[in-house]
Amino acid sequence: MLTYASGTTPVTAYDPIFPAAADPTWTVTSCTAAPSVGLTAAWQNPHPAFTGFWHPWINDWFTGAGWINAWDERNWQGVPPSKGPSGQSWTKYDATVQGNGSFVIRLLADNCSWIYLDGTLVGVQNTTPSTVSYGLTLNGTHTLSFIIFDGGGAAGGKFILETTTNPPPPLDSDGDTYPNTSDAFPFDPTEWADTDGDGHGDNGDAFPSDASEWVDSDGDGVGDNSDAYPHDPTRTVLDNTPPSVTANVAGTQSGGWYTSDVSVSWTVTDGESAVTATAGCAASSVTSDTDGMSFTCTATSAGGTASASVTVKRDATAPVIAFGGNAGSYTVDQQVSITCSASDAMSGLASSTCPGASGDAYAFGVGSHTLNASATDNAGNQSSASTSYSVTVTSESLCALVQRWVNKAGVAHSMCQQLKNGAYGAFANHVRAQSGKSVSAAHAAILIDLAGLL
């Protein structure tokens, strides 16, 4: 019973793929057991296949199927035009089929063709289409695919798929009696099974159940891939790993920095063979600050050479805090300019509080003052420091402020005489009288307060 046929069954075609140049020996180089342009080629523009073409073979070998092609160009005098260099091209077609049981597929193509069922090659037509029928077993929904090579004539083909109780034998491309559908190597007559899936047929695989091995050159039962001596049957694997090298670093650590003396030693082991050589593996110590001292231990055994490295950073020195410009004692008319700086030459500062003092001495107040500073570096080392200074008021220093702030020379001179004579009360009254006149109210208030401290 006819089930599917070209011309009535929807068929998807793809744009042709053209060879770069015409091949005069295409019957040998292109019509091979498997196509050089196969299912995974860069097929483009899927579209319905075109039917209705006339072809010299349209009624040959079997009937009931329309001729299909990948492009839609009308016949000229009954012959569809060719494409590509000298008419040579590759075309691909897909059709969805359904069924259960035994079927026969007939494909006639111009010129060579390959039939696939769900991606498995099940039929091949060479330049002489003497065999155009192949047996299939369907079990549900499947995809039939055709690759057709046109050697320079009228491209395209026709097919029918029908049920049968006596299907032709399935395709056996290499003639080893194992059909392509069950042959892991359909083009190698010496192989058909690959139990471990390593790409090497069981017949030539020394380890058919071990995907990691397939050759045993010295016949010692150990595969070449894991045999350290693949051509020596008396030895297999003595040591296939280098020694283990581990650094042992002892010291007090903080934030990636050591804040104490550091000792570096090494543990070198190899459970398979003796360690035959070492370099740089002696014990070492770090007793001074460093931003990075590196140590490397290298060890060799029959299994190879291995190295390990460690870098030690040591900072056991606290940050430096420095105060500058402190005169220690200031009178109210003087300027205070005390600076504070914090630094760490190794790991760098993580945080610091470093106050200074700058301005008119009277603004800080008469009496003793202390500046307190602290700093912490990135290794956790801490330091602190302080500096003190005092501010005093004398009649001379207060006179200097008068001369600075009172804008009338005679008034300023009179006030200074009162201070010189110890007439502090009279001075205060004088300043009050001139407040807002020859001296600003703000400065007057300061002068009166300071006079009260004399």
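The values are calculated or read from the model by the stated rules, or taken from the named source; none is laboratory data. Quantities reported herein were computed from a predicted structural model and do not represent experimental measurements. Please note: Cβ atoms are built from the backbone with ideal geometry, for glycine as well, and neighbour counts cover all protein chains shown. Accessible surface areas use protein heavy atoms only, side chains included; no ligands, DNA or RNA. Shrake-Rupley method; radii C 1.70, N 1.55, O 1.52, S 1.80 Å.
Against the condition more than 46 Å from the chain's Cα centre (by Cα) and farther than 19 Å from ALA41 by Cα, how does GLY156 come out, does it pass?
In short, no.
Under 6 Å by Cβ, and 6 or more places apart or on different chains, what pairs join a residue from the stretch 337-365 that is more than 30 Å from THR290 (Cα to Cα) and in contact (Cβ under 8 Å) with a residue 60 or more places away in the chain with one that is open to solvent by less than 60 Å² (accessible area, probe 1.4 Å) and among the aliphatic types (A, V, I, L, M)?
What qualifies is TYR362/VAL332.
Taking only the stretch 133-150 into account, find how many residues are under 29 Å from ALA21 (Cα atoms) and either open to solvent by 10 Å² or more (accessible area, probe 1.4 Å) or of a type in the set (Gly, Ala, Ser) (or both).
1
Which count do you get for residues in the stretch 111-130 that are out of contact with any Leu (no Cβ under 9 Å at 6 or more places or on another chain) and open to solvent by less than 10 Å² (accessible area, probe 1.4 Å)?
Count: 1.
Taking the conditions exactly as written (surrounded by fewer than 16 Cβ atoms within 10 Å (Cβ to Cβ), within 45 Å of the chain's Cα centre (by Cα) and without any contact (Cβ under 8 Å) to a residue 24 or more places away in the chain), does THR190 satisfy them or not?
Taking the combined requirement at face value, the residue satisfies it.
Is it true that some residue in the stretch 117-138 is touching a His at 6+ places or on another chain (Cβ under 8 Å), of a type outside the set (Phe, Trp, Tyr) and modelled with pLDDT of 85 or more?
yes
Let me confirm something: among THR9, THR25, which residue is at pLDDT 90 or above and open to solvent by 60 Å² or more (accessible area, probe 1.4 Å)?
Only one candidate passes the filter, namely THR25.
Tally the residues that are in contact with a helix residue (DSSP H, G or I) (Cβ under 7 Å, 6 or more places away or on another chain) and farther than 17 Å from ASN225 by Cβ, restricting the search to the stretch 168-194.
Qualifying residue count for the region: 8.
Give the stretch 28-73 a look and list any residue that's in a loop (DSSP other than H, G, I, E, B), open to solvent by 70 Å² or more (accessible area, probe 1.4 Å) and either in contact with a Ser or Thr (Cβ under 7 Å, 6 or more places away or on another chain) or of a type in the set (Ser, Thr, Tyr) (or both), or say none.
SER36, THR40, PRO46, THR63
So which residues in the stretch 86-108 are of a type in the set (S, T, N, Q), farther than 13 Å from THR143 by Cα and within 48 Å of the chain's Cα centre (by Cα), if there are any at all?
Across the stretch 86-108, the qualifying residues are GLN88, SER89, THR91.
How many residues does the stretch 396-434 hold that are open to solvent by less than 50 Å² (accessible area, probe 1.4 Å) and either at positive phi or of a type outside the set (Phe, Trp, Tyr) (or both)?
Final tally of qualifying residues: 22.
Scan the stretch 218-250 for residues that are surrounded by 14 or more Cβ atoms within 10 Å (Cβ to Cβ) and closer than 21 Å to ASN378 by Cα and report the count.
Total satisfying the criteria: 1.
Just give me the residues in the stretch 82-98 being at positive phi and open to solvent by 10 Å² or more (accessible area, probe 1.4 Å), in sequence order.
Across the stretch 82-98, the qualifying residues are GLY84, SER86.
State whether the residues of the stretch 251-258 include one that is among the hydroxyl-bearing types (Ser, Thr, Tyr), in contact with a strand residue (DSSP E or B) (Cβ under 7 Å, 6 or more places away or on another chain), open to solvent by 40 Å² or more (accessible area, probe 1.4 Å) and farther than 30 Å from ALA385 by Cα.
No; the residues of the stretch 251-258 include none that is among the hydroxyl-bearing types (Ser, Thr, Tyr), in contact with a strand residue (DSSP E or B) (Cβ under 7 Å, 6 or more places away or on another chain), open to solvent by 40 Å² or more (accessible area, probe 1.4 Å) and farther than 30 Å from ALA385 by Cα.
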